[in-house]
1. May I ask you to list the lysines whose Cα is less than 24 Å away from that of K103, ignoring any residue fewer than eight positions away on the same chain?
2. Karplus couplings for region 65-70 from phi (6.51 cos²θ - 1.76 cosθ + 1.60, θ = phi - 60°), rounded to Hz, Gly and Pro as x?
3. If exposed means no more than 16 neighbouring beta carbons inside 10 Å and the site is in a DSSP loop, what's the longest run of the chain without any exposed trypsin sites (Lys or Arg not before Pro)?
4. In whole Hz and in residue order, list the ³J(HN,Hα) couplings for region 89-99 that follow from phi through the Karplus curve 6.51 cos²θ - 1.76 cosθ + 1.60, θ = phi - 60°; x for Gly and Pro.
5. Among rounded, prolate and oblate, which fits region 37-102 when a ≥ b ≥ c are the square roots of the eigenvalues of its C-alpha gyration tensor, a/c under 1.5 means rounded, and a/b larger than b/c means prolate?
6. In the set [x] 18.5; [y] 16.1; [z] 16.8, which value of Kirkwood radius over Cα pairs in Å was calculated from the structure you see?
7. Roughly how many debye, to the nearest 20, is the charge dipole of the chain about its Cα centre, given +1 on each Lys and Arg Cβ, -1 on each Asp and Glu Cβ, and no other charges?
8. Collect residues whose amide H, placed 1.01 Å from N in the peptide plane, falls under 5 Å from the amide H of F80; neighbours closer than 5 in sequence don't count.
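The values are calculated or read from the model by the stated rules, or taken from the named source; none is laboratory data. Predicted model, so just to flag it, every value in this text is computed and none were measured. Using ideal geometry, Cβ is built from the backbone for each residue, glycine included, and neighbour counts are taken over all protein chains shown. Remember, those area values only see protein heavy atoms, side chains included, never the ligands or the DNA or RNA. Shrake-Rupley method; radii C 1.70, N 1.55, O 1.52, S 1.80 Å.
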Amino acid sequence: MRWVLTPVGLEPFDAAAREFHRSQTSGEPITTQVIEIEALHDRDMIEHRRIMATINDLAKALRTTPERVRAELLVATGNFQLLGELLGREVVAINSMSRRNMKDHELHEFWDEAKEAINTKLLARIADPAEKDRLAAMLSLQPA
């Protein structure tokens with residue numbers, strides 16, 4: 001879907017954009033309508049789903065939440081900011097993995113580093129040897 005930026009704003013450029021505009025509008029002229037459009041980075045959704053499924057599997061094996069595993073991986077790969085002390089506690093801001101914040105090549109770089117952290121730190125914490133072997137084999141089969 002492509003749009004053209006004109007002096008009056010965005011206007012549909014191709015058939016997909018015109019169809020999207022038609023489906024969102026009430027028939028008023030384009031210059032009098034507000035249509036919300038969010039700019040997102042392109043994302044390899046197959047790879048993204050594979051990463052999130054792996055994080056979910058790790059969380060189940062570690063008996064914790066996927067959010068905690070994701071946060072641990074982001075910290076292990078340096079994708080965070082240490083904000084310092086706030087109200088008597090150390091505060092860390094974890095970066096987001098959303099399309100709005102992480103481009104596709106950044107996601108791939110993160111995952112390459114995260115796989116090393118998983119192999120060196122997280123797999124050692126899994127109690128079930130069969131599950132540990134299964135996850136290690138799954139990680140070794142994923143493309144670099």
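1. The reachable lysines, counting only those whose Cα sits under 24 Å from K103, are K115.
2. Karplus-based 3J(HN,Hα) across region 65-70 equals 8, x, 5, 5, 5, 4 Hz.
3. 104-144
4. 10, 6, 10, 10, 9, 8, 5, 8, 9, 6, 4
5. Judged from the Cα gyration tensor, region 37-102 comes out oblate (a/c at least 1.5, b/c at or above a/b).
6. Answer by label: [x].
7. 420 debye
8. N95
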